[in-house]
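So the structure is just underneath, and the comments pick up after that.
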């Protein structure tokens, strides 16, 4: 159970985490600092948040502070809160920003990093969680509860966060691209795009269901769909001629590399 929590920023990720927590624990007080008036009003509507207090009031009221600010704005924004954060419990969802940054700037050793993805909006995110070395056991449990309110969690050492960003945080975008490409293929062959999109989604859901069943490796399932001289092998050949496997691996590598650069 979380006593109270304050969100600095109410964008896509901040709002998704706040809404997920409010759904699971409607009694938990939520405080939001958001300069955008429209987003601030949404915070009140979505989860009954108290919005835009003074920095001191906000830090005093919030047992946990969640930082949902773009990485390039962190220094500018957080310096206003730093006088009031000594020893506070802090969670960051800022990509490419290590635990040590928050420990030093906010004068606390109670820091945990999250890397969710946009599926948090529908409660189906897989959130990477990295604990600061001195994060207290109670705080770790609270953080896992919060991350679990928008899907599933995986605990990772901080050194693995860039790789997780490339695979999951950014990786969901590759899946969107693949779904769209499948739908375009169906449209090219005469099926209206809206119908092709539904077929693509159903195909993806079925594939995920089979892999999640856990009894067979993806390559084993692939071999069951491919018949000698059949239709599927022609499609697989076309993908590999375009460098499909290498391109996906390269996408993960490049996103992870960029995350490391940011750190």
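Nothing in this text is a laboratory measurement; each read-out follows from the coordinates by a stated rule. Predicted, not measured: the structure shown is a model, and the values here were computed from it. No Cβ is skipped: glycine too gets one built from the backbone with ideal geometry, and neighbour counts run over all protein chains shown.
Nearest-5 percent of antiparallel DSSP beta bridges in the chain?
Antiparallel bridges make up about 15 percent of those DSSP assigns within the chain.
Which value at 222 nm does the chain reach when only helices count, each DSSP H run of 4 or more adding -39,500 (n - 2.57), with the total divided by all residues and rounded to the nearest 500 deg cm²/dmol?
It lands at -16000 deg cm²/dmol.
Taking the number of other C-beta atoms within 10 Å as the exposure measure, put 25, 149 in order starting with the fewest.
Going from least to most buried by this count: 25, 149.
Over what distance in Å are the Cα centres of the range 33-77 and the range 140-169 separated?
Here the answer is 22 Å between Cα centres.
Anyone know which of 33, 76, 56 comes out most mobile in the 10 Å Cα GNM of the chain?
Evaluated over the chain, the most mobile residue of the options is 76.
Angle between the Cα long axis of helix 231-241 and the longest principal axis of the chain, 0 to 90 degrees, nearest 10?
60
Mind telling me which of 200, 18, 94 comes out most flexible in a GNM of the chain, alpha-carbon contacts under 10 Å?
In this elastic network of the chain, the residue with the biggest mean-square fluctuation among 200, 18, 94 is 200.
How big, in percent, is the set of alpha carbon pairs in the chain lying more than 34 Å apart?
In whole percent, the long-distance tail amounts to 29.
Let me check against my output: what whole-number percent is the relative contact order of the range 5-157, with C-alpha pairs under 8 Å and at least 6 apart?
Contact order relative to length: 21 percent.
I'd like the distance between the alpha-carbon centres of the range 206-222 and the range 5-24, rounded to an integer number of Å.
34
Angle check, please: helix 193-213 long axis (alpha carbons) against the longest principal axis of the chain (alpha carbons), in degrees 0 to 90, nearest 10.
80
May I ask you to sort 1, 249, 115, 13 by Cβ crowding, counting other Cβ atoms within 10 Å and putting the fewest first?
Listing 1, 249, 115, 13 from fewest to most nearby Cβ atoms yields 1, 249, 13, 115.
Could you work out which residue, out of 134, 23, 89, moves most in a Gaussian network model of the chain, that is, has the largest mean-square fluctuation with Cα springs under 10 Å?
Greatest mean-square fluctuation among the candidates belongs to 134.
Test of understanding: what is the full-extension gain from residue 73 to residue 212, defined as 0.36 nm times their sequence separation minus their Cα-Cα distance?
Gain in length upon complete extension: 46.1 nm.
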